[in-house]
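Report on one structure; see the data block that follows.
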Amino acid sequence: MVDARRVVVKIGSSSLTTAAGGLDADRVDALVDVLAKHEDREIVLVSSGAIAAGLAPLGLVRRPTDLARQQAAASVGQGLLLARYTASFARYGRRVGQVLLTTYDTSHRVHFRNARRTLEQLLAMGAVPVVNENDAVATDEIRFGDNDRLAALVAHVVRADLLVLLSDVDGLYDGDPRRPGARRLETVGGPEDLAGVELGSAGRAGVGTGGMVTKVEAARIATGDGIPAVLTSAVHAADALAGRPTGTYFRATGPRSAGRLLWLAHASSPRGGVTLDPGAVKAITEGGGSLLPAGITAVDGDFAAGEPIELRDETGRTVARGLVNFDAREIPLLIGRSTRELARELGPDYEREVVHRDDLVLMRA
């Protein structure tokens, strides 16, 4: 944690606003006071709060449930949120840059690369990227759903060294922290450490969308590809960034992957998939092999060559994702046949893998 040079920090709505709506300037300033002091680090701030900030100005007493009014509140609140961050960081001579994303921007490879370039350039120029979901235009079909998952994906996009999740709870507990006897987990090294842990829903303030489930999932996404994570309360942000014991520390559980594979595993939106026989599943998951036509038993969806698809076992479980070399309409002609046979009948272009192992990533259970 102390050696982390590039850090993604996520702050939740309840840590920035009041339950009635509206930004709490003192809370924003307190967070910026902590972040701005780390001049030797590159910090990307993923900030919730746009919808909550827009409630009071629009005369709304609580977060609306319908999408149209949520988008209206976000439209008003996003400007207020960025203005508050701009003024607060200006006290330290720091600039901020707004980056609004939807899942479309991470699930499509070209947009994913564009988002990376923008964030990298902002950091190179000494600005603090302030990232949020583009709630003003996002529909239910293209929403991240919560900024915890967005923060984990941003950590992958910028190749962060650490993900810090700030909430209104000071860590992960094995039960409701308001109950006597609930114990805070200091370290999580893998799924086995979460056995028997009760994960709560949305925060106490009622202005956010996440909960402990989304935070643990965000930590899993980050740690699975080599990025450790810390979950703690906003008031302990300084301790988290200084490497002092606080909250719950999630150890990295997997190695760093290539950027293309990170996108494929965590941000791509498969357009369909293929079902594999047991031999093909074993060759891919245990032998590091490519997917050949002979191992396919069924295909579904409407995808083109070069797009991401799911590779499933016979129970329907997704075991991998990969970039396919054939259109969906071509694959029924290939099912169960050897590449040599296909080359003789259809030509040399068919003597190749359906998904090459270099374009394939295993999905962890």
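State, as an integer percentage, the relative contact order of the chain based on alpha-carbon contacts under 8 Å between residues 6 or more apart.
Relative contact order here is 15 percent.
For the range 325-365, what is the accessible area per residue in Å², given a 1.4 Å probe and the full set of protein chains? Can you show the working numbers first?
Values: 2650 Å² over 41 residues.
Per residue, the range 325-365 has an accessible area of 65 Å².
Where does helix 67-90 land angle-wise versus the long Cα axis of the chain, in degrees 0 to 90, nearest 10?
60 degrees
Tell me, in nm to one decimal, what length is gained between H38 and M125 on full extension, where the rule is 0.36 nm per residue of separation less the Cα-Cα distance? Spell out each step's value before the answer.
Working: separation 87, 0.36 × 87 = 31.32 nm, distance 1.58 nm.
That pair, H38 and M125, stretches by 29.7 nm at full extension.
Taking a cut-off of 25 Å between Cα atoms, list the lysines near K10, but don't count ones fewer than 8 places away on the same chain.
K37, K215
How much net charge surrounds D302 when only the other residues with a Cβ under 14 Å from the Cβ of D302 are counted, with Lys and Arg +1 and Asp and Glu -1?
Working: positive: R271, R329; negative: D300, E307, E310, D327, E330.
Its environment carries a net charge of -3.
Fully extended, how many nm does the chain gain between E341 and T86 (0.36 nm per residue separation, minus their Cα-Cα distance)? Mind showing how you got there, number by number?
Values: separation 255, 0.36 × 255 = 91.80 nm, distance 6.37 nm.
Extra length from E341 to T86 when fully extended: 85.4 nm.
Counting only helical runs of four or more DSSP H residues, what would the 222 nm mean residue ellipticity of the chain come to if each run contributes -39,500 (n - 2.57) and the total is spread over all its residues?
Details: 11 runs with 116 residues, N = 365.
When only DSSP H runs of four or more count, the value is -9500 deg cm²/dmol.
Within the accessible area of the chain, what % is carbon and sulfur when the probe is 1.4 Å and the other protein chains stay in place? Write out the running numbers ahead of the final one.
Details: 8110 of 16200 Å².
C and S atoms contribute 50 percent here.
FRET efficiency for V61 and A195, Cβ-Cβ distance as r, R0 = 41 Å, nearest 0.05?
Given R0 = 41 Å and the Cβ-Cβ separation, E is 0.50.
Could you work out the relative contact order of the range 225-351, using alpha carbon pairs under 8 angstrom and six or more residues apart, expressed as a whole percent?
Working: 199 pairs, mean separation 25.5, N = 127.
Relative contact order of the range 225-351: 20 percent.
Counting only other residues whose beta carbon sits under 10 Å from that of F250, what net charge do I get with K and R as +1, D and E as -1? Numbers along the way, then the final one.
Numbers: positive: K215, R220, R251; negative: D193.
Net charge around F250: +2.
Rounded to the nearest 0.05, what FRET efficiency is calculated for E351 and T285 with R0 set to 30 Å and r the Cβ-Cβ distance?
0.80
Is there a quick way to get the dipole size of the range 272-354? I mean about its Cα centre, with the Cβ of Lys and Arg at +1 and of Asp and Glu at -1; what is the value in debye to the nearest 20?
Details: 9 positive and 15 negative charges, 36 e Å.
Roughly 180 debye for the range 272-354.
If you split all Cα-Cα distances of the chain into 20 Å bins from zero, what percentages do you get per bin, shortest first?
Once binned at 20 Å, the Cα pair distances of the chain give 28, 52, 19, 1.
The values are calculated or read from the model by the stated rules, or taken from the named source; none is laboratory data. Remember, predicted model here, so these are calculated numbers, not experimental data. With ideal geometry, Cβ positions are generated from the backbone for all residues, glycine too; neighbour counts draw on all protein chains shown. Accessible surface is based on the protein model in full, side chains and every heavy atom, while ligands, DNA and RNA are left aside. Shrake-Rupley method; radii C 1.70, N 1.55, O 1.52, S 1.80 Å.
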